[in-house]
Structures are given as structure tokens and as C-alpha cells.
Amino acid sequence: MKTTRRIFLKSGAMALASVGIIPALGPEFLRRAVWADDAKGPGRRKTLVCIFLRGAVDGLSVVVPHGDPNYYKLRSVGAGGIAIARTGQDGVVDLDGQFGLHPALSMLKPIYDAGHMGAIHAVGSPNPTRSHFDAQDYMESAAPGNKGIHTGWLARAMAACPEDARNGAKISTVSLTAQVPRSLDGDREALAIPNLQTFGIGRDGKAMSIGGGTGDTSGGFEALYAGAVGDVLHGAGAETFDAVKTLNGLDPARYRPARGANYSRSPLGQSLQQIAQLVKANLGLEVAFAEAGGWDTHVGQGGAQGNLARRLADLGQALAAFYTDLGDRMGDVTVLTMSEFGRTARQNGDGGTDHGHGTCFLTLGGQVAGGKVLGDWPGLAPNQLNDGRDLAVTTDFRRIFGEVANKQLGVTDFKTVFPEYALSPRDFRGVLKS
Amino acid sequence: MPLSRVNSGFLPLLALLAASPPLWAAPVASSAKPMMAPAAKAMDAPADDAKWHQPLTGAPAALHVLNRLAFGPLPGQIEDVQQIGIRQWIETQLQPKLIDDSAVETKLAGFTLIKAKPENLMLMYQGDNNAIRRYLEMQDPNSKQRARLEAVAAQNTQNGANGAMPAPDGTAPPKSRLDRALNERQQEMLKNFQDAGMTQGVSIRAAGELVQAKLVRAVESKRQLQEVLADFWNNHFNIDMRKKAGRTLKVIDDRDAIRPHMFGSFRELLGASAHSPAMMIYLDNASSTVAMKARGGKTRGGLNENYARELMELHTLGVDGGYTQTDVTEVARCFTGWSIEPQNGTFVFRPRVHDNDEKHVLGRTIAANGGQRDGEQVLDMLASSPSTAKFLSLKLCQRFVADEPPAQLVDRIAQTWTRTNGDLPSVYRALFLSPEFLSAGAYRAKIKSPFEYTVSAVRALGGQVSVPDEKSPVDKLRLTRIGSVSANQGAKGGKANQKARAPLAIEIATLGQPVFACLPPTGWSEDSSSWVSAGAIVGRLNFALSLTSGTVADVRLSTDTFRAAPLDQLSKQLVGGQLSDATRATVARETAAVPTDGAKMRALILGSPEFQRR
């Protein structure tokens, strides 16, 4: 078993604190780690929230290139069509005369206007694969075409974070998923929690209470893991029970979003609500990961209304509620959406789109250099399309990942995070303020 | 602040706290030979070495072999193994064909999909696709989707009559979707599909059968070592069944490639995997060809290096096994044309897309025009390489002995490997009969994977895994759920987690190890510490609670399982009496207030740190 320096420091600090010798002996940074639950202290962090839209979202419908006449040659408006009209009630929410939001995302327009939301168009991978499987794998490892990289980019980014930034965080990395996602493979402190409300010992915390007379459902088990100081299971056990207690203390079932923020009951809405709660709780959260499916719209994609519009409305509502709920704390938070590739520029015979190439990422937060659509627009003329069928890629997704890792997490070691890719700050697209 | 500047005065103290192994890591010997006191010896290098030569005896020894060469003890099995003798038990397990396992095979007799021929498994995947599903939907007069489209079509016709704009170019008016037709190939496929009596969803149910059969065998087969080895080799030659036709072709891989060759030579096993259609698809060799000229001066086809790279990095030499990127490309050239026959799901060599030029692999020349022999020669070279002997010996030692096994043992096993040309039974025997395998150093040195944890818990309670009946609609639905968790894109575990009564396969997926669905080609790591992460224990404890309260949907437990019993008796049944004093005291204390709650005591023992280890 390999003990990372980070875990060693953390468990060391815990062990010392438990025998009460840290105030006398511990150096400054260990002492700080022990007192990290002070809300004004290092528990307040910059947080990166990644939302993976699994299944390849149609970027041309998220941010619609209504100023490109070819768009309306490839897709039609109206019955059976999937294009969004330039004008009218069901038309795009214009952003800059060239691009417009899908009308189902209209709730994001005020945030865009406030400069706290941006979009990057024609983003994607240099790898041509049209397999969801491979493309997600490549995006999450940030090593397109290389199956030999077995850790996730976020895990490597966290490992490359400035050391002091993470010390003392109670919960630094959380994925609101059942399993640790590929992006976080390798981060041993990453917590995968499908739902904060059911994260406890004993399903629903009552049906099979096991705490005996203490009333604490985890009591019996915690005592089982308390005995073996220094063992690998003891460390994980201690962190687990700490996390359970910390999160139970938040009482997520009774969380009330601020300023009337209206999260939907959808999985994505609930994930973002829980991330907002974790941010506000000052637990040292640096990376949060959530995902949403249903973007693989081969058939009956719909236009201003329909399948994709419903998925987009859910995304838009979740993002808008998150923004409203966090208020000023959005100054510390950056949200980045991503998807493994885009879809064919031309609609298919089923009123849908097939697997394509370039897509669109969205950013949200106080650090976002927002109010504009970034990226070089490759055009949609036949000779401009990738393989004659898809939006081409003009921005390697690693340029976006690298910029948020740098500006949000303080990562400077790009070689580790993006192997086989020469990334420098010159490649940043200006997604975040400097 | 860098670590080097930390006040030196307290560093040794930190190290001591971090390094001392827990008391319960060593067997709690009562009648057995006294064990070393690990806490006192941990800092001492020679003593650390000595733990590999401290033999296990008595109940700890029996518990140990059942945890390593089986998926944990059944009630009473520790005593049985002690009676038979450790060595005799191992020798018997090394010859699985001599063990009568008819009860399990009879139980699985109803699983007909996983017995299908390759062409039918291929057909299950091909006929169960979106185009055909949509076509069938339009053929169904009761379909809601059809009714919706008909309404839109009627509206369109009316619009047309009113002089409204006709549908613009490139759209698909609902009329054409209603009149959807299949092309010739699809029609033939559908006919074959229906002639074979197949219905939509069959590919998912086939995946469900494969997963469930693995669980039933792991829990109930008497050929336990065979099942442990099947788990090891399926993981070594990992295939994620979520990739394309792997969904059904993985059945052939497990059934015809891995299982029949685990007790032969490594070369045979490697060859079977190299010819496995699911592997061809998973690592993209099926589409790897020599670059060919196409019209207009363009090229079509081309090399895909995926299989060639993983063949060397993961299946044989290991990442430090002494090959270069040039070797990867050259090996990929040797395997061009190794593909699958889409009509019948079997291996095929396509000479027309094979690269016929000379190749240079690992310093050796492979002559031009070798055809399929090129690939076979590469497999010969890789299987007989000393790097392969070393890499596979290390991996086996990691699986069966410890995450960081003693180097001397790995060397000896590699020597056996080389001496016997990779004769797997000889290698197994050398490993399992080695002193290091049955030593204090190996005892409880591994953390169970989620699969090992859940299966061993079911076995400890004497539980059985039920087999869904294809003819029962409820059971069919369950088979679909089980198949979906492993065979569908995207994790479905999140929802499953909140359902009170999930089947065992979904419980395992929720703990992070969906069966036959490991995404990267590495398979799950044999370094068992990778299963320890903050939060992971919550899932295991919840599983212990679900299992002992009888809420794992497809695990059958006898009513005795829920009866209160003395701690000594349960400790003996579940962990051979090998609980640390601290765990014993905690369990006793936590159950004192509810002495009639038999489930609680069992849950605490199955949730204890001791039971997380094997």
C-alpha cells in the first residue's frame, strides 16, 4: 500500500490531535489542519464544479449559431425539424447577433448578461472516435488516444494542487455519483456519494438502526474501526465516519436554498443543490463532480420543444438555481459543463442527430470572463465540416481543462495533468479572469 | 511547507503511529502456535522478513486458504478443511474436474442464453438494436409513439391543404417515420432474430445471465479455486461488456476462451484470448488493417494499435517489460486482419487487409507474407518472454499473497513459470504450496474487493443466490435489471442505491465493481489497497445490514440466519473465531442491549475490519 504524503499528513495530524499533543508539538501547518473546521479559516476554498453531460450533447442546440446561414440549410425549423428559429417566440435567445441560447436555457441569459456565464464553442478532442465509451474515457483521462493513462485528470489535478491548499479540508473532493468517476480515479480522498440524504449507515438511517442506545446509527461500526490506529482500514474508516458525521450534521433533508432558488427534483438539480450546500458548509471543497445523461438524441430530438429541450431546461434550471442559491459565494465557484463529443451538423432521417465531433462547453461563476461566446467558429459549410458531417473542433478540450485547473485550483504542473500534451498558459482561451 | 522542514522531533512518533499494524491483522491464536507480536516488530526489517516464514496452522490456516483459494468459508467449512488437511484440500481444488459440481450446473440449467452458439449471441446483439426496435414499434398498432406521429402527420397534411409551408428540405416528415422500412440486411437480421425465437431485450438478458451465473458459481460452486481463477483471468484479460457487441460476445470469451484454458499453458490461454471476438472488439483489432488505397488518391483503413499495446503492456510483458513504441506498431502490423465475422460472431483472419511486409518485433524479424502466422509468432514470443514470466508471477503473487509480495517468492514462481513454459497448474501449485503463501505475512494482508466482500458474506451466512426463471415475467425483469447494470452505457447504480431490495449484482455495482464492466483495459487493480477509500466503507456496512436483514433481493437465507446466537458461535462460523479482542468487546457491547437481535450481531461481524480482509 502506498501512502501518499497528503494522506500521511492528514492521518498524522488526526492521530496527534487525538492524543492532545498537537498544540505543543505540531508545526503551524499541522495545527491549522486540525482546526480546519473554523468557518473563517481554510475551510473556505475555491471550488471547481464539473458537470459531465454523458451521451454527447448537441452543442449546436445549446448555443445556436443562428448567424451562420448554413445552420438552417442543415437543419429545418418547424414540424419534424430540429433547428431553432432566429426570431419569434420559439426563437433563440440572442447573445451577440451570431449565437443564441436555446430557448429552454433562457433562464441563463441574465447570468450571461451579468458577465458570470460564458460558452466555448467547437470544443472537443483531437481523437476522431465516435464511441461514447472511448471518448468519455479519453476526456476523463485527458489523454485522447492513449489507453495507458489509468488515472483521471481531476485526480491528477488535485494531486498537483499546491499542498497547503488541501491540508485540513474535511471534504475536498466529492462526486455526486454512485461510483468514483473516471475523472477522479486515483484521488484516494474522493468521496462518491450518490445522494447526501442517504449517505449514512443503515438505509435511511432509521429502518436498520444499529447504534444501540446511543441514537447514533453508525456508533457500533465506528467503534469497530476505532481500534486499529495506523492501519489502512482505520484511516479510511476514520475518514468515512468523519464524513458521515459531517454530512449528517448538515442535515441535507432540511436544506433550504437561499434567495428562493428553485432546484428541480431531477437528479442533476438535486446534485447541484447538494454541492451548493457543501460549498456553503466550508468543508474545504475544491472539486465537485456531477453528471447527467439523456443527451444521445438520435431520434426525435425536437426543436424549441421536445426531448432535447426538456433536458436543456433541466440543465438550465439547475445552473440558474445553483447561481441564485450561492449568491456572493459564486465568487469562489466555477462550474464547467463538458460532453464527450458533439453531434452531426445535419439532422438525420429520424428528426435526430448522430455521433459527431465538436460541441459546446458552458462556464458559470464569479471568476468566469463571461458575457461572450469564446472559441474560433469553424463554420458549417460543407467543406468546413469535420468529415463532411460534424462541427469541427477548433479548441482542444484540454485547453479549457488546463485553464480552470490553473486558475481555479492553482495547478501549474501541466505535464502531470495533461500527459503527452504541451500546454502552456498561452493556450488558455480566456475562460476565466486572470 | 515542505515536509523536509518539519520539526524533526516528532517525525518518528508520526511514523510509529502510521506504521504499526493493527492487532487484528495477525491471527488471534488460541490453540495454534503463538504468533509474533506485529506491533513490536513492524519497525524491524529482519523481523518483517521473518513473517513470511512464520507458518500458519490450525483454524487461521484453514480460514486463510478458504479466503484466498475460495470466496471465503461456508458455515462449518473451516473445520472441514482442517480435517481434510490444507495440502490435500489444495490438491483437490487444483483438479476441479474431479470435484462433483452437478448441483450448481443443474441450478444453472435454465440459463439457455449463455449456452447459445456464437452466431446466435451475435444475432442477439444485432437484432436488439435501435433501428429494429423503432421499426417494430411502428408495426405495433398499440404503440403510443406511433399514435403521436400519426397525429403530427395528420396535422402536417392539414397544414399542406391550408397552403402552409411544406416541410423544408432535409426534414423527416413523420409520414416517412411511420412508413419506416428496414434495409435488406436489417430485414434479414430481423427475420433470423425472430426465427430464432428472440425478442427485444434479449441481449440485456443474456448479459444478466452471464453476470448471475458468475455470482451463483462464486457462492455455491464446489470448484472454488476454478471460480477464483476465472475471476482472476477474466480480470487479467479485461473486457468491458458495455462496448458494442461485447455485451453478448463476452459470454463466448468467459465460456470458450478463459475457462477452458485456465488449467493449461499460458500460451494456450493467451491464444484463446487473442482469438476471442469480444477482445477483438474491445481493443479495436477487428478494425485494424493495412492502409489501403482508395479512390481519389486517398487511403482507407489503417492501423489501430490498441490491442498490440495492451497485449504487451497488460497481457504479457508488463509496462516495463522492455518494448518500445516501434514494437507496438510492428506488433499491430502483425495482427492486421485478425478480426471477427459479423455474421456469426466468430474469429476470422482476413488476408486481404493483412500487412504482408516484413516486420521487426522485439529485435526479431518476422518474414514477409506470413499471414496469420505473424500474429501467432508474436504470441509465441510474448508467452515465452522472461518479462512475461516475471510480470504474471508478480500479478499472481499480488492476487494470492500480498499487495507487496516478497521478491524471493516472485522470483521462484517466475523460475517455475520459465522452467515449465508457463504451465499454469505447475505455477499455481508452486505458489499455493509455498511457505510464503501460508505465512503470517500473507494472513489477512489483502483487502477484499467488493465482489469478494459480498460473495464471502453470502457464503459465511450459508446463503444461496436464486436463479431467475426466463419464463416468469417478474424474474425476467430482474434479469434485465442485472444485465442493465453491467451492459448498458452509463452507471445506473445511483438509483439502485436508493432501492431497498436490489439483487446482489446491483449491490456489487453500487460498491464500485460492476461485474464484467470495468472500463479501462487494465481490469481492477490487484493492489487491494485501491479498494480502500473514504466513503467506501459506508457501502460495505450498508450491504452487511441489508444482507443480514434479508433484503438483498436474490439471496436466500435460512431462517436460522436471523436467530440470536452466542458471539463465540457466530464468530466461529463467520471468521473461524478469528476476531481481535477489540472487535469482540465492541460487538459484545453493542449487542448487549438487544440480545435477541441475531441480525445485528451478524451485521457487526460482517462489517468488522477483520471481515474486510482476506
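The values are calculated or read from the model by the stated rules, or taken from the named source; none is laboratory data. Treat the numbers as computed from the prediction; the structure is a model and nothing was measured. Ideal geometry is used to build each Cβ from the backbone, glycine not excepted, and the neighbour counts take in all protein chains shown.
How do the helices (runs of 4 or more DSSP H) wholly within the range A:1-112 filter down when requiring 2 or more residues that are more than 10 Å from chain B (Cβ to nearest Cβ) and modelled with pLDDT of 85 or more: which remain?
A:59-62, A:69-74
How many residues does the range B:252-278 hold that are touching a residue at least 60 places away in the same chain (Cβ under 8 Å), aliphatic (A, V, I, L, M) and either assigned to a helix (DSSP H, G or I) or out of contact with any helix residue (DSSP H, G or I) (no Cβ under 9 Å at 6 or more places or on another chain) (or both)?
4
Let me spell it out: the conditions are (1) modelled with pLDDT of 85 or more; (2) more than 9 Å from chain A (Cβ to nearest Cβ); (3) on the phi < 0 side of the Ramachandran plot, and B:Gly577 meets all of them except one. Which number is the exception?
(3)
Going through A:Phe361, A:Phe322, A:Phe289 one at a time, which residue ends up being at pLDDT 95 or above, in contact with a Pro (Cβ under 6 Å, 6 or more places away or on another chain) and under 30 Å from A:Leu247 (Cβ atoms)?
A:Phe289
Read through the list (1) modelled with pLDDT of 90 or more; (2) within 9 Å of chain A (Cβ to nearest Cβ), then give the number of the only condition that B:Leu567 fails.
Failing condition for B:Leu567: (2).
If you check B:Arg300, B:Arg255, which single one turns out to be surrounded by fewer than 21 Cβ atoms within 10 Å (Cβ to Cβ), over 30 Å from B:Ala70 (Cβ atoms) and charged (D, E, K, R)? It would help to see each step written out before you state the result.
Numbers: B:Arg255 fails: over 30 Å from B:Ala70 (Cβ atoms).
B:Arg300 is the lone residue from the list that is surrounded by fewer than 21 Cβ atoms within 10 Å (Cβ to Cβ), over 30 Å from B:Ala70 (Cβ atoms) and charged (D, E, K, R).
How many residues are out of contact with any Gly (no Cβ under 9 Å at 6 or more places or on another chain), surrounded by fewer than 21 Cβ atoms within 10 Å (Cβ to Cβ) and assigned to a helix (DSSP H, G or I) when one looks only at the range B:586-614?
2
Condition first: under 31 Å from the mean Cα position of the chain (by Cα) and modelled with pLDDT of 85 or more. Can you find one or more residues in the range B:587-600 that meet it?
Initial filter on the range B:587-600 (under 31 Å from the mean Cα position of the chain (by Cα)): B:599-600.
This time we only want the ones that are modelled with pLDDT of 85 or more, so: B:599-600.
Within the range B:587-600, one or more residues are under 31 Å from the mean Cα position of the chain (by Cα) and modelled with pLDDT of 85 or more.
To keep it simple, each residue is scored yes or no on (1) touching a Pro at 6+ places or on another chain (Cβ under 6 Å); (2) modelled with pLDDT of 90 or more.
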{"position": "B:Pro521", "(1), (2)": "no, no"}
{"position": "B:Trp531", "(1), (2)": "no, no"}
{"position": "B:Phe543", "(1), (2)": "no, yes"}
{"position": "B:Ala553", "(1), (2)": "yes, yes"}
{"position": "B:Arg584", "(1), (2)": "no, yes"}
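Could you tell me which residue of the range A:172-227 is modelled with the highest pLDDT, considering only residues that are acidic (Asp, Glu) and more than 27 Å from the chain's Cα centre (by Cα)? So that I can check it myself, show each step before the final result.
Keep residues of the range A:172-227 that are acidic (Asp, Glu), which gives A:185, A:187, A:189, A:204, A:216, A:222.
Still in the list and also more than 27 Å from the chain's Cα centre (by Cα): A:216, A:222.
Values: A:Asp216: 43, A:Glu222: 82.
If we take residues in the range A:172-227 being acidic (Asp, Glu) and more than 27 Å from the chain's Cα centre (by Cα), then A:Glu222 is modelled with the highest pLDDT.
Among the candidates B:Glu105, B:Glu79, single out the residue that is in a helix (DSSP H, G or I), over 29 Å from B:Met241 (Cα atoms), out of contact with any Asp or Glu (no Cβ under 9 Å at 6 or more places or on another chain) and among the charged types (D, E, K, R). Give the steps one after another, and end with the answer.
On the way: B:Glu105 fails: over 29 Å from B:Met241 (Cα atoms).
None of the others qualify; the one that does is B:Glu79.
From A:Val393, A:Val411, which residue is within 16 Å of A:Ala142 (Cβ to Cβ), buried (at least 21 other Cβ atoms within 10 Å of the Cβ), touching a Pro at 6+ places or on another chain (Cβ under 8 Å) and not small (Gly, Ala, Ser)?
Numbers: A:Val411 fails: touching a Pro at 6+ places or on another chain (Cβ under 8 Å).
Testing whether each residue is within 16 Å of A:Ala142 (Cβ to Cβ), buried (at least 21 other Cβ atoms within 10 Å of the Cβ), touching a Pro at 6+ places or on another chain (Cβ under 8 Å) and not small (Gly, Ala, Ser) leaves just A:Val393.
From the list B:His275, B:His261, B:His315, which residue is within 14 Å of another protein chain (Cβ to nearest Cβ), in contact with a Phe, Trp or Tyr (Cβ under 9 Å, 6 or more places away or on another chain) and not aliphatic (A, V, I, L, M)? Give the derivation first.
Working: B:His275 fails: within 14 Å of another protein chain (Cβ to nearest Cβ); B:His261 fails: within 14 Å of another protein chain (Cβ to nearest Cβ).
It is B:His315.
Working carefully through the options B:Ser525, B:Ser529, find the one that is in a loop (DSSP other than H, G, I, E, B) and within 30 Å of A:Pro144 (Cα to Cα). Can you show your working first?
On the way: B:Ser529 fails: in a loop (DSSP other than H, G, I, E, B).
The match here is B:Ser525.
Please determine whether any residue of the range B:557-564 is more than 10 Å from chain A (Cβ to nearest Cβ), within 30 Å of B:Asp254 (Cα to Cα), touching a residue at least 12 places away in the same chain (Cβ under 8 Å) and not β-branched (Val, Ile, Thr).
Looking through the range B:557-564, at least one residue is more than 10 Å from chain A (Cβ to nearest Cβ), within 30 Å of B:Asp254 (Cα to Cα), touching a residue at least 12 places away in the same chain (Cβ under 8 Å) and not β-branched (Val, Ile, Thr).
Among the residues in the range A:328-346, are any touching a residue at least 24 places away in the same chain (Cβ under 8 Å), within 14 Å of chain B (Cβ to nearest Cβ) and charged (D, E, K, R)?
Yes: one or more hits.
Out of A:Gly294, A:Gly284, which single residue is within 14 Å of chain B (Cβ to nearest Cβ), buried (at least 23 other Cβ atoms within 10 Å of the Cβ) and on the phi > 0 side of the Ramachandran plot? Show your work before the answer.
Numbers: A:Gly294 fails: buried (at least 23 other Cβ atoms within 10 Å of the Cβ).
So the residue among A:Gly294, A:Gly284 that is within 14 Å of chain B (Cβ to nearest Cβ), buried (at least 23 other Cβ atoms within 10 Å of the Cβ) and on the phi > 0 side of the Ramachandran plot is A:Gly284.
Would you confirm whether any residue within the range B:392-414 is surrounded by fewer than 20 Cβ atoms within 10 Å (Cβ to Cβ), under 24 Å from B:Ile252 (Cα atoms) and of a type in the set (Lys, Arg)?
no
Would you point out the residue of the range A:396-434, among those that are of a type in the set (Ser, Thr, Tyr) and outside any helix (DSSP H, G or I), that is farthest from A:Gly152 (Cα to Cα)?
First, the residues of the range A:396-434 that are of a type in the set (Ser, Thr, Tyr): A:412, A:416, A:421, A:424, A:434.
From what's left, outside any helix (DSSP H, G or I): A:412, A:421, A:424, A:434.
Numbers: A:Thr412: 17, A:Tyr421: 15, A:Ser424: 20, A:Ser434: 25 Å.
For the range A:396-434, the residue satisfying everything is A:Ser434.
Scan the range A:391-411 for residues that are farther than 30 Å from A:Lys73 by Cα, in contact (Cβ under 8 Å) with a residue 40 or more places away in the chain and out of contact with any Cys (no Cβ under 8 Å at 6 or more places or on another chain) and report the count. Explain how you work it out, then say what you get.
In the first step, residues of the range A:391-411 are kept if they are farther than 30 Å from A:Lys73 by Cα; the result is A:398-411.
Those still in the list that are in contact (Cβ under 8 Å) with a residue 40 or more places away in the chain too: A:398, A:400-401, A:404-405, A:407-411.
So of that shortlist, the ones also out of contact with any Cys (no Cβ under 8 Å at 6 or more places or on another chain) come out as A:398, A:400-401, A:404-405, A:407-408.
Here the count works out to 7.
Would you check if there is a residue in the range B:64-83 being surrounded by fewer than 21 Cβ atoms within 10 Å (Cβ to Cβ) and of a type in the set (Lys, Arg)?
So far as the range B:64-83 goes, no, none of its residues is surrounded by fewer than 21 Cβ atoms within 10 Å (Cβ to Cβ) and of a type in the set (Lys, Arg).
Being of a type in the set (D, E, K, R) and in a loop (DSSP other than H, G, I, E, B) narrows it down to one residue among B:Asp380, B:Asp357, B:Asp411; which is it?
Values: B:Asp380 fails: in a loop (DSSP other than H, G, I, E, B); B:Asp411 fails: in a loop (DSSP other than H, G, I, E, B).
After applying the criteria, what remains is B:Asp357.
Any idea which of B:Arg373, B:Arg364, B:Arg412, B:Arg352 is within 30 Å of B:Arg614 (Cα to Cα), more than 27 Å from the chain's Cα centre (by Cα) and among the basic types (Lys, Arg)? First the steps, then the outcome.
Details: B:Arg373 fails: within 30 Å of B:Arg614 (Cα to Cα); B:Arg364 fails: within 30 Å of B:Arg614 (Cα to Cα); B:Arg352 fails: within 30 Å of B:Arg614 (Cα to Cα).
One residue alone meets the criteria, B:Arg412.
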